[in-house]
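*Asks:* One structure, pasted below without further comment.
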Amino acid sequence: IARELNTDTVLVGTFHLAGDRILTSLSLVDAKSGLLSWAEEFEAPFEDIFHMQREIAVRAATSLKRSLTGEEEAALITPESRSVDAYDLYLQGAHLTQEGTREATDIAFGYFNQALELDRSLAEAHVGLGVVNYNRYYYGWGGGLDSLDRAEASFRKALELSPTSMRARRGLINVHYQRGHLEACLMEGREAVRLGNPHDVETLLTQATAYQLGGLAEEGAALFREVLEIDPVNQEAQWRLVTSTWLGERELIVEAGRSYLRRFGDDPEIHMFVAFAHHLLGHTERARGHYEQAVGLPARGDSTAEATAEPAALFFGGLLYEQLGEPDRATELWQLGVDIYRPRLEESPDNRRFGLILAGFYGLLGDRGSMRAIEERTLGGADWISWEVHWLALVHALRGEPDLAIELLHRALKLGLVDSSRVPAWEVYFRVADVPMPENEAFTRFVGEYRAEARRLRETY
């Protein structure tokens, strides 16, 4: 266990309930020698479980450090909640959100609300509500712009109650990213470092996420690797490292993907990103295999594989098949995209993410009328644009409309969608689709403005 977790000391123990009392026996074990450095037994009424938890934390930490500062002890003794029942409801909701289905998420929503009825100051329950509303928007589970607004409000409430809550701050970073406000992601990362411990895994993970989603992918990847050196089984850090596919180190991304799949099992988004990296490297058969895995695996969504195929795998996998001279399979994937995401957009007509995705699939299928109608409805008067606008720009370029592609890219730039990586994501998308960059004055002007803004962000953050 110590080798796997990269730690020197392991806390081990047992507990059991006897009537209304909880009995716990704990010890700290030196990983190299196997000797106990501390051991103690605790007993308390179940309703005093938070008091017992605080006592254990202080005693174990004191044994490790010999003495604690006032600030360290204060952090350890801060109660999770004023109500055992509220915290139990929160834990049940948190467990359900990990299932990644619409049904489980809806039930979790009820648990989080019940927890807050008992304890309005339970920051983690506000984070839970934020996650529920964010997932409703991101996965198209009946969530439109109002869901994204509610997610932001919940994450901000959690930070108001607990300014050092890194889970809440990462939730807020995700909301900013969905809105294409990448500099806001970077600002949240800076705030995380200011308020947190710069050497703490949660702080590093939050700063890394801010860098990655804020357009500084190389800096984010370096911090994700730092997290994994400290905590080798940190699933979130491993997942996010893989998703940095627009880095120049694509071979490393492929290896990181293999490592993730070996340790944590199949994940459609991981297969998609590994496929994309192989696609860029020219490993067409490997790319094909991973795209098919991403399309065929059940993802976070409904209960069937077809209802949850990863949209990027359908989009870019279809491009690969078209390049391989298999247009029928390409059409099949893009039509599946329409069949899956049209009902989701009908359920939430103002979901901009799914509006852009669906417009792109229609464009790839050659249905320009439907593409333009959804595009105009989604982007008309919009004060922000999500990342999938780059897919739509690529479709315009593929279909011989470079001026419309440039117009979309320029509009996204003006609204703050700027990737400051060595090679920006939109350029990577053009490369994987084997589409030449437009050669005209409008595109040259766009590239100049884009590079200037990217340079400003790199120098600022």
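The values are calculated or read from the model by the stated rules, or taken from the named source; none is laboratory data. Given the structure is predicted, the values throughout are model-derived calculations rather than measurements. With ideal geometry, Cβ positions are generated from the backbone for all residues, glycine too; neighbour counts draw on all protein chains shown. Please note that ligands, DNA and RNA were not included when accessible areas were found on the heavy atoms of the full protein model with its side chains. Shrake-Rupley method; radii C 1.70, N 1.55, O 1.52, S 1.80 Å.
*Asks:* Restricted to segment 410-461, and to residues that are among the hydrophobic types (A, V, I, L, M, F, W, C), under 22 Å from the mean Cα position of the chain (by Cα) and under 29 Å from Leu320 (Cα atoms), which residue is most open to solvent (accessible area, probe 1.4 Å)?
*Replies:* Among those residues, the one meeting the criterion is Val423.
*Asks:* Does Gly215 satisfy the criteria of being on the phi > 0 side of the Ramachandran plot and of a type outside the set (A, V, I, L, M)?
*Replies:* So Gly215 passes the test.
*Asks:* Assess whether Leu195 counts as being open to solvent by 10 Å² or more (accessible area, probe 1.4 Å), more than 16 Å from the chain's Cα centre (by Cα), of a type outside the set (D, E, K, R) and closer than 20 Å to Ala312 by Cβ.
*Replies:* no
*Asks:* So, one more: When you scan segment 55-80, how many residues do you find that are within 28 Å of Leu35 (Cβ to Cβ) and either open to solvent by less than 80 Å² (accessible area, probe 1.4 Å) or out of contact with any strand residue (DSSP E or B) (no Cβ under 8 Å at 6 or more places or on another chain) (or both)?
*Replies:* Final tally of qualifying residues: 16.
*Asks:* Are any residues in segment 37-54 open to solvent by less than 50 Å² (accessible area, probe 1.4 Å) and either in a helix (DSSP H, G or I) or in contact with a helix residue (DSSP H, G or I) (Cβ under 8 Å, 6 or more places away or on another chain) (or both), and if so, which ones?
*Replies:* Of everything in segment 37-54, those that are open to solvent by less than 50 Å² (accessible area, probe 1.4 Å) and either in a helix (DSSP H, G or I) or in contact with a helix residue (DSSP H, G or I) (Cβ under 8 Å, 6 or more places away or on another chain) (or both) turn out to be Trp38, Phe42, Ala44, Ile49, Phe50, Met52.
*Asks:* Can you tell me which residue is nearest to Glu401 (Cα to Cα) among those in segment 368-378 that are in contact (Cβ under 8 Å) with a residue 24 or more places away in the chain and of a type outside the set (Lys, Arg)?
*Replies:* Among those residues, the one meeting the criterion is Met371.
*Asks:* Which condition breaks for Glu218 when tested against (1) at pLDDT below 90; (2) open to solvent by 50 Å² or more (accessible area, probe 1.4 Å); (3) part of a helix (DSSP H, G or I)?
*Replies:* The single condition Glu218 does not satisfy is (2).
*Asks:* Can you tell me which residues in segment 122-141 are modelled with pLDDT under 95 and under 23 Å from Leu89 (Cβ atoms)?
*Replies:* If the condition is that a residue be modelled with pLDDT under 95 and under 23 Å from Leu89 (Cβ atoms), then Trp141 is the only one that fits.
*Asks:* So which residues in segment 5-36 are open to solvent by 50 Å² or more (accessible area, probe 1.4 Å) and either of a type in the set (Val, Ile, Thr) or in a helix (DSSP H, G or I) (or both), if there are any at all?
*Replies:* Matches in segment 5-36: Leu5, Thr7, Val12, Thr14.
*Asks:* Against the condition open to solvent by 10 Å² or more (accessible area, probe 1.4 Å), out of contact with any Lys or Arg (no Cβ under 9 Å at 6 or more places or on another chain) and at negative phi, how does Glu375 come out, does it pass?
*Replies:* yes
*Asks:* Take segment 368-399 and flag every residue that is part of a helix (DSSP H, G or I) and acidic (Asp, Glu).
*Replies:* Of everything in segment 368-399, those that are part of a helix (DSSP H, G or I) and acidic (Asp, Glu) turn out to be Glu375, Glu376.
*Asks:* Here is a follow-up. Scan segment 273-292 residue by residue and report those that are in contact (Cβ under 8 Å) with a residue 40 or more places away in the chain and open to solvent by less than 10 Å² (accessible area, probe 1.4 Å).
*Replies:* Scanning segment 273-292 gives Ala275, Phe276.
*Asks:* So for segment 349-367 (the condition being touching a residue at least 40 places away in the same chain (Cβ under 8 Å), open to solvent by 30 Å² or more (accessible area, probe 1.4 Å) and not in a helix (DSSP H, G or I)), does at least one residue qualify?
*Replies:* Among the residues of segment 349-367, at least one is touching a residue at least 40 places away in the same chain (Cβ under 8 Å), open to solvent by 30 Å² or more (accessible area, probe 1.4 Å) and not in a helix (DSSP H, G or I), which makes the answer yes.
*Asks:* Give just the number: which of (1) part of a helix (DSSP H, G or I); (2) in contact (Cβ under 8 Å) with a residue 24 or more places away in the chain; (3) under 27 Å from Ser27 (Cβ atoms) does Leu89 not satisfy?
*Replies:* So Leu89 meets the others, but not (3).
*Asks:* Something else: Identify, please: which residue in segment 92-148 is surrounded by fewer than 22 Cβ atoms within 10 Å (Cβ to Cβ) and acidic (Asp, Glu) and is, among those, nearest to Ile340 (Cα to Cα)?
*Replies:* Only one residue tops the list, namely Glu103.
*Asks:* Which count do you get for residues in segment 227-267 that are under 13 Å from the mean Cα position of the chain (by Cα), open to solvent by 40 Å² or more (accessible area, probe 1.4 Å) and of a type outside the set (Phe, Trp, Tyr)?
*Replies:* Adding up the residues that qualify gives 2.
*Asks:* Filtering segment 151-191 down to residues that are part of a loop (DSSP other than H, G, I, E, B) and farther than 17 Å from Leu213 by Cβ, which residue is most open to solvent (accessible area, probe 1.4 Å)?
*Replies:* Checking each candidate, the answer is Thr164.
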